[in-house]
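A.B. asks: Below you'll find the structure I mean.
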Amino acid sequence: MRSSRWLSAVGVIALLGTGPNMVAAAADGAQAAALAGSVDKTGIELVGLKAIQSFADNERDANALDEARKLAESKPEDMGYPWFEPKSGALEIRAVNDKGRAAGQTEASKLSSGGAKTVVASAPASIAELDGIAEAVTHLSEEGMPGAKGIWKTEPDDKNGRIIITVLAHDDALMAALAERFGTDRIAVRIQNRGPASSASRDSDNPAYWGGAKISTSTGKGCTTGFAWTNGASAAMLTAAHCISTGGKISYPAHANAGTVTSATRENWNDTYGTRYYTGQTTYRGDVALIQYPTGTSSAPYMYNGAPHTSTSTKVKAMASRESQAPDAACVNGTTTGEWCGVVTATRVNAYYVIDGPNVWARRVVQAEALGNTCPTHGDSGGPVYRKQWTDGVAAVGIFSGSVPEIYACAVWFTDIWDAYYGLPGTLKVTG
């Protein structure tokens, strides 16, 4: 399929008026990006693949944004979604009426005194209105709206005060029905053909994100996701800290810049020295980072547990009831090697990663060993370490960090899941 740079303006206009038989081209990621900012003939704006939601790249602003969101969500009839403008560093607390503005002024004063650049602005729409639209969209198929079976996601657009509706394909009848039902100011549409839900694989994961999936990082590493995590109301995921040692963005093959790792507070690795303390802590906790997903993106308590390039999966049913100790069973499953299983042979280990540098040590990790010449390797870092405790699920044990092949065996090192629990905010997502 042609890339977006070859899609002429005439071609874009033609796509906007097509019916369901012409949708395959529009569903391609490159062409979906080309449609961003275009307006359908119904008047509904079409957006690209990237979420239009607030995020901050430092802890002070992230905390301020979090407080603003909490305030807004506590007053959904009076306030809209806050918006953080990264270029100016300004945080807008948005209100729809006098009651919301009064609450916003109080919060803005508090946040500004803490150093955040905070103002009160008018909201395009209240959270209650937008949440109502999002909920209504989930019922359109059962109500019989034409083409509604192609809707598979909604998310808020923080900047513009609307709901983005993601559809498998462009459909004239559906677009007309959406415009009639909701108007054109409070909704936008994204065209993205995700394929059947069962087609997601560890090489191309989609929300809700699972453990054991392939990711890349803004620091140039290819790694594996560990376990779905929750940080308050926000979805998150564990991986290895050395995969993103200075903080930054993580991407999936089908979703660029899907999540963020905050330096020092959400990762504990230094490329020169290995394990470092999380900010404000005094205990080494192996090699583990917390990926934070933006509002509207989710993670789920499942993990890919098959061979590389497969979609085989299982449930994450519990966190290990205690820290690892010999001779507990421990399995690793990464996107490069697939499954490796051994037994714990030592805990509270400081492992020297000589290949990574003369002073690089993984501190306070767990060691497991097994006979054979298979060993987890590059690309598996960050993957889930687990115990096969049930026929339909596993207990989370830790996050894979590194390995060394021995003559007739393999030794691996991982961060205990309890160190992730004590070192990072939030907790493991489980199916129960």
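The values are calculated or read from the model by the stated rules, or taken from the named source; none is laboratory data. Just so we're clear, the structure is a prediction, and the values are computed from it rather than from any experiment. When we count neighbours, we look across all protein chains shown, and the Cβ atoms used for this are built from the backbone with ideal geometry, even at glycine. Note: areas computed on protein heavy atoms with side chains; ligands, DNA, RNA excluded. Shrake-Rupley method; radii C 1.70, N 1.55, O 1.52, S 1.80 Å.
A.B. asks: Can you give me the long-range amide H partners of TRP361? Hydrogens built in the peptide plane at 1.01 Å from N, cutoff under 5 Å, separation of 5 or more residues or another chain.
C.D. replies: Those qualifying (amide H under 5 Å, at least 5 residues apart or on another chain) are GLY274, THR275, TYR353.
A.B. asks: Using per-residue counts of other Cβ atoms within 10 Å, averaged over each peptide, order 223-235, 52-64, 134-146 from highest down.
C.D. replies: So the peptides 223-235, 52-64, 134-146, ranked by packing, come out 223-235, 52-64, 134-146.
A.B. asks: Also, I was wondering about something else. Given the whole protein assembly as supplied and a 1.4 Å probe, what does the accessible area of ASP419 come to in Å², nearest 10?
C.D. replies: Only protein atoms counted, so the area is about 10 Å².
A.B. asks: If you take the charge dipole of the chain about its Cα centre, with +1 on Lys and Arg Cβ and -1 on Asp and Glu Cβ, which of ALA68, SER381, GLY357 is farthest toward its positive end?
C.D. replies: Working it through, the farthest residue towards the positive pole turns out to be GLY357.
A.B. asks: Which whole-number value in Å² is the accessible area per residue of region 95-184, probe 1.4 Å?
C.D. replies: Result: 44 Å² of accessible area for each residue.
A.B. asks: Something else about it: Just subtract the alpha-carbon distance of THR138 and ALA346 from 0.36 nm times their residue separation and send over the number in nm, one decimal.
C.D. replies: Full extension of this stretch gives 69.9 nm more.
A.B. asks: Rank by packing, highest mean first: peptides 268-281, 148-161, with packing defined as the count of other Cβ atoms within 10 Å averaged across residues.
C.D. replies: For the peptides 268-281, 148-161, the packing ranking is 148-161, 268-281.
A.B. asks: Residue by residue through region 333-345, which ³J(HN,Hα) values in whole Hz follow from phi under the Karplus form 6.51 cos²θ - 1.76 cosθ + 1.60 (θ = phi - 60°), with glycine and proline marked x?
C.D. replies: 9, x, 6, 8, 9, x, 8, 9, 10, x, 10, 5, 10
A.B. asks: Using a basic spin-label model with each label point 7 Å from the Cα along Cα→Cβ, how many nm lie between ARG322 and ALA300?
C.D. replies: 3.4
A.B. asks: Using a simple charge model, +1 on the beta-carbon of Lys and Arg, -1 on the beta-carbon of Asp and Glu, nothing else, what dipole does region 54-201 show about its Cα centre, in debye to the nearest 20?
C.D. replies: I would put it at about 280 debye.
A.B. asks: Once you place label points 7 Å from the Cα toward the Cβ at ARG181 and TYR422, how far apart are they in nm?
C.D. replies: Between ARG181 and TYR422, the label points sit 5.1 nm apart.
A.B. asks: Taking a threshold of 27 Å on the Cα-Cα distance, which of the pairs LYS50/LYS149; LYS149/LYS214; LYS110/LYS159; LYS50/LYS388 fall above it?
C.D. replies: LYS149/LYS214; LYS50/LYS388
A.B. asks: Something else: Could you give the Stokes-Einstein D for region 86-194 in µm² per second, using the C-alpha Kirkwood radius, 4 °C, 1.567 mPa s?
C.D. replies: 83
A.B. asks: Right, another one. Over the chain, with every protein chain in place, what whole percent of the accessible area is carbon and sulfur at 1.4 Å, could you tell me?
C.D. replies: 52
A.B. asks: Leaving out same-chain residues fewer than 8 places away, which aspartates and glutamates sit with a Cα under 12 Å from that of LYS41?
C.D. replies: List returned: ASP171, ASP172.
A.B. asks: What's the FRET efficiency of TRP152 with THR42 using the Cβ-Cβ distance as r and R₀ = 25 Å, to the nearest 0.05?
C.D. replies: 0.80
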